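The values are calculated or read from the model by the stated rules, or taken from the named source; none is laboratory data. A quick note: this is a predicted structure, and the numbers were derived from the prediction, not measured. For neighbour counting, all protein chains shown are included, and Cβ atoms are generated from backbone atoms with ideal geometry for every residue, glycine included.
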Amino acid sequence: MEIKHCVNHPDRHAIGVCVITKKPICPECSTKYEGVNYSREGLEELKRRRAQKTRSGIWSRAANLAMVAQAPLSFYLLYLCYLYTFNAFTGLAK
Ligand SMILES: [Zn+2]
């Protein structure tokens with residue numbers, strides 16, 4: 001089994017690999033976050049992914065909200081149409 005060396009410090013032994021970049025990293029280069037080792041690039045990547053996720057989350061939530069808000073609105077419009085035609089008919093009848 002070969003001894004892995006840090007991707008940033010070839011003279012140092014790696015203590016693990018970044019879960020994102022899969023690159024071997026030494027204690028100095030690793031950041032323990034939520035119990036997992038990340039390299040600096042790995043953390044940046046994680047932040048980027050999380051930001052994207054929350055952004056798309058907001059959009060899907062907004063889309064859901066639009067769907068929910070749009071349903072009663074279309075019913076209301078139908079109701080208005082119904083009232084209008086009804087009034088038109090009763091108006092004609094008189
Ligand atoms: Zn290092």
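Structure notes:
- Positions within the stretch 1-17 being over 15 Å from Glu41 (Cβ atoms), assigned to a loop (DSSP other than H, G, I, E, B) and not β-branched (Val, Ile, Thr), in sequence order: Met1, Glu2, Lys4, Pro10, Asp11, Arg12
- Being hydrophobic (A, V, I, L, M, F, W, C), more than 16 Å from the ligand (Cβ to nearest atom) and exposed (fewer than 13 other Cβ atoms within 10 Å of the Cβ) is a property that Leu65 has.
- Residues that are within 30 Å of Cys6 (Cα to Cα), of a type in the set (S, T, N, Q) and at pLDDT 90 or above occur at least once in the stretch 33-53.
- Reported count of residues in the stretch 21-43, each being of a type in the set (Asp, Glu) and within 16 Å of the ligand (Cβ to nearest atom), is 2.
- Scanning the stretch 1-55 for residues being of a type in the set (Ser, Thr, Tyr) and either in contact (Cβ under 8 Å) with a residue 60 or more places away in the chain or surrounded by fewer than 13 Cβ atoms within 10 Å (Cβ to Cβ) (or both) gives a total of 2.
- Ser39 touching a strand residue (DSSP E or B) at 6+ places or on another chain (Cβ under 7 Å) and of a type outside the set (A, V, I, L, M, F, W, C): yes
- Any hit, the stretch 43-64, residues being in a helix (DSSP H, G or I) and touching a strand residue (DSSP E or B) at 6+ places or on another chain (Cβ under 8 Å): yes
- Test: residue in the stretch 15-24 that is touching an Asp or Glu at 6+ places or on another chain (Cβ under 6 Å) and among the polar types (S, T, N, Q): yes
- Hey, Gly57 within 32 Å of the chain's Cα centre (by Cα), on the phi > 0 side of the Ramachandran plot and more than 16 Å from the ligand (Cβ to nearest atom) or not: no
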